[in-house]
Amino acid sequence: MILGIAAETGIFLYACLAGVTVLSAYGVLICFRGLIRHSAAVISAEDFAFWIGASIYIFRKMYDTTYGNIRWFFVLGILCGCGAAYLFFRGMAKIWKGIKKKLENSHETG
């Protein structure tokens with residue numbers, strides 16, 4: 001089945017959203033681990049459950065959009081979505097550190 005460029009673009013953007021969702025969910029899991037300390041065994045079990053769930057989620061999204069066919073632009077879309085979310089979160093962390101540093105400096109001088 002040959003898809004048009006518009007359909008491929010839509011599927012690519014949908015895959016980007018799936019990649020952002022998976023990376024964001026993993027970020028929430030990391031934050032949860034920071035709040036409540038876990039043993040190595042529990043962290044391994046959480047990771048295993050997360051990646052099984054993420055695999056099912058990605059497979060379901062791929063099945064819904066490409067009717068079960070693995071398309072290169074869907075895989076590329078997931079990778080681009082994960083990369084974009086990673087860069088966004090890194091940027092937000094740098095902004096937060098800058099704000100925090102300015103607030104600390106203003107408290108010290110004021």
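Name the one entry in Tyr57, Tyr26 that is under 18 Å from Val75 (Cα atoms), under 15 Å from the mean Cα position of the chain (by Cα) and at pLDDT 90 or above.
Just one listed residue meets the conditions, Tyr57.
Pairs only if they're at least six apart or on different chains, beta carbon under 9 angstrom, first in the range 57-70 and touching a residue at least 40 places away in the same chain (Cβ under 8 Å) and over 24 Å from Tyr26 (Cα atoms), second assigned to a helix (DSSP H, G or I) and β-branched (Val, Ile, Thr); list them, first residue then second.
Qualifying pairs under 9 Å: Thr66/Ile11.
Determine if the range 71-79 includes at least one residue that is farther than 12 Å from Cys16 by Cβ, surrounded by fewer than 16 Cβ atoms within 10 Å (Cβ to Cβ), out of contact with any Ser or Thr (no Cβ under 9 Å at 6 or more places or on another chain) and modelled with pLDDT under 90.
Yes, the conditions are met somewhere in the range 71-79.
For the subset of the range 8-49 comprising residues that are aromatic (Phe, Trp, Tyr) and within 17 Å of Gly81 (Cβ to Cβ), which member is surrounded by the most Cβ atoms within 10 Å (Cβ to Cβ)?
Here the residue is Phe12.
Is there any pair with a first residue in the range 15-36 that is more than 12 Å from Asp47 (Cα to Cα) and a second that is among the aromatic types (Phe, Trp, Tyr) and buried (at least 16 other Cβ atoms within 10 Å of the Cβ) whose Cβ atoms are under 6 Å apart and which are 6 or more apart or on different chains, and what are they?
Ala15/Phe74
Let me confirm something: among Ala40, Ala84, Ala49, which residue is touching a residue at least 24 places away in the same chain (Cβ under 8 Å) and out of contact with any Gly (no Cβ under 6 Å at 6 or more places or on another chain)?
After applying the criteria, what remains is Ala84.
Among the residues of the range 88-97, are any under 21 Å from the mean Cα position of the chain (by Cα), assigned to a helix (DSSP H, G or I), among the basic types (Lys, Arg) and under 13 Å from Gly19 (Cα atoms)?
no
Does Tyr14 satisfy the condition of being touching a Lys or Arg at 6+ places or on another chain (Cβ under 9 Å), hydroxyl-bearing (Ser, Thr, Tyr) and part of a helix (DSSP H, G or I)?
Taking the combined requirement at face value, the residue satisfies it.
Quick check: is even one residue across the range 33-41 out of contact with any Leu (no Cβ under 8 Å at 6 or more places or on another chain), hydroxyl-bearing (Ser, Thr, Tyr) and in a helix (DSSP H, G or I)?
Among the residues of the range 33-41, not one is out of contact with any Leu (no Cβ under 8 Å at 6 or more places or on another chain), hydroxyl-bearing (Ser, Thr, Tyr) and in a helix (DSSP H, G or I), which makes the answer no.
The values are calculated or read from the model by the stated rules, or taken from the named source; none is laboratory data. This one's a predicted model, so the numbers in the text were calculated from it and none came from an experiment. Ideal geometry is used to build each Cβ from the backbone, glycine not excepted, and the neighbour counts take in all protein chains shown.
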